[in-house]
Amino acid sequence: MKNFILAVSTLVGTIIGVGMFGLPYAAAQAGWGLFLIYLGVLGVVVTLIHLIYGEIVLRTKTKHRLVGYAEFYLGQKGKLIGSVIFFVTLYLALLAYLLIGGEFLSIMLSGVWNISPAGGAILVAVFGFGVVFKGLKLTGALEFVMAAALVILISGLAGYSFNFAASGPLSFLSSAGDFFLPYGVILFSLAGGSAIPEIRNFFTGGRSRVLKTVIIVGTLTPVLIYAVFVTAVLRLSGDTTSPEALSGLTSILGQVWIKYGAWLGFLAVITSFFTIGLNIQNSFRLDFGLSKILSRILTAGVPLTLFFYGYKNFINILSFTGA
């Protein structure tokens, strides 16, 4: 039972990250009702994708990451296609983590150290890649604590929102008319395949079948959490919902609450950053046989290059990456 809880927590903790904070804005632009339909349908789709990947991981005796599995079963063409999907998706995810992590740091340190979001992003990169390069792997217990903290925050936010005079009705469709925006943002926010090879290690022998249950519970739990979070934020901020959710609530909830939320948001971002960074680095090592130094340079160099070249639209990155 302990390993089951730790495995579920690891998957939930990996999924719940930066993408969550882009969901309220996407819902505000498309409409609350339409967003919930997207969330339910795509939640089932992503669960099936995770189950398929889990089956591949279980049936393959050698250890790989996505690129290695693609080569093992599909040959060199599969490796090429898998490499494009894997690296484009994860590099853009790291870029998104840098951007939103910088926003959270800026909120957290306001009044003490007035650092810009761009400066905060650089600090996130220094700290995040520093940990990745030391090989630190997040434990299931840490993911459990992080997920529990986020659930507590969201529960408190939801409780407050339902005792608050809503800023506007939760309409099925939004007058903004951006009806396709939730698609990519939701897919991004539900992606957790990078954790599946890791959570397999919690189970051995015949107990490996439990992995399927872990994947179902671990993928659908964030769907429920997201639905509650989005509903709460929209009730509070309505049409003024900001792209990263928190700053738009400042005038309503006050700076103390926003800083608390920023701390938890930063925790979600940085732990996901570790997982994605390690996954990229390990793919270079296991699937391509590159040296440790070259793997590190490639892991950090690409997202930092994109950042310094000005790719800084958080919502567009989430939408494109998820799609």
Say we look at the range 86-134 and pick out the residues that are of a type in the set (Ser, Thr, Tyr) and assigned to a helix (DSSP H, G or I); which of these is surrounded by the fewest Cβ atoms within 10 Å (Cβ to Cβ)? Thr89
Of all residues in the range 276-318, which are out of contact with any Leu (no Cβ under 8 Å at 6 or more places or on another chain) and among the aromatic types (Phe, Trp, Tyr)? Phe288, Phe308, Tyr309
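Condition check ((1) of a type in the set (Lys, Arg); (2) touching a Leu at 6+ places or on another chain (Cβ under 9 Å)) across all residues:
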{"residue": "Phe21", "(1), (2)": "no, yes"}
{"residue": "Ala27", "(1), (2)": "no, yes"}
{"residue": "Arg65", "(1), (2)": "yes, yes"}
{"residue": "Phe72", "(1), (2)": "no, no"}
{"residue": "Ile81", "(1), (2)": "no, yes"}
{"residue": "Phe86", "(1), (2)": "no, yes"}
{"residue": "Leu98", "(1), (2)": "no, yes"}
Every listed condition ((1) of a type in the set (Phe, Trp, Tyr); (2) crowded, with 23+ Cβ neighbours inside 10 Å; (3) over 16 Å from the mean Cα position of the chain (by Cα)) holds for Phe229 save (3)
Tally time: how many residues in the range 46-73 are among the hydrophobic types (A, V, I, L, M, F, W, C) and without any contact (Cβ under 8 Å) to a residue 24 or more places away in the chain? 5
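Residue-by-condition table, conditions (1) farther than 28 Å from Gly101 by Cβ; (2) crowded, with 21+ Cβ neighbours inside 10 Å; (3) modelled with pLDDT under 85; (4) not polar (S, T, N, Q):
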site	(1), (2), (3), (4)
Val151	no, no, yes, yes
Ser175	yes, no, yes, no
Asp178	no, no, yes, yes
Val185	no, yes, no, yes
Asn201	no, no, yes, no
Ile215	no, yes, no, yes
Ile225	no, no, no, yes
Thr241	no, yes, yes, no
For the range 107-126, which residues satisfy the criterion of being of a type in the set (Gly, Ala, Ser) and more than 23 Å from Leu306 (Cα to Cα)? Ser110, Gly111
Inter-residue pairs, beta-carbon under 6 Å, first under 22 Å from Gly192 (Cα atoms) and in the range 254-270, second among the hydroxyl-bearing types (Ser, Thr, Tyr) and in a helix (DSSP H, G or I), 6+ apart: Val269/Tyr97
Filter result (surrounded by fewer than 19 Cβ atoms within 10 Å (Cβ to Cβ) and of a type in the set (A, V, I, L, M)) within the range 43-56: Val44, Val45, Leu48, Ile49, Leu51, Ile52, Ile56
Checking Phe273 against (1) modelled with pLDDT of 85 or more; (2) surrounded by 20 or more Cβ atoms within 10 Å (Cβ to Cβ); (3) more than 21 Å from the chain's Cα centre (by Cα), which single condition isn't satisfied? (3)
Any residue at all in the range 13-27 that is more than 17 Å from Ser194 (Cα to Cα) and surrounded by fewer than 23 Cβ atoms within 10 Å (Cβ to Cβ)? no
Would you call Leu66 in contact with a helix residue (DSSP H, G or I) (Cβ under 7 Å, 6 or more places away or on another chain), of a type outside the set (Phe, Trp, Tyr) and modelled with pLDDT of 90 or more? no
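The values are calculated or read from the model by the stated rules, or taken from the named source; none is laboratory data. Since the structure is predicted, the reported quantities are computational estimates derived from the model, not experimental observations. Cβ sites come from the backbone with ideal geometry, for glycine too, and all protein chains shown count toward neighbours.
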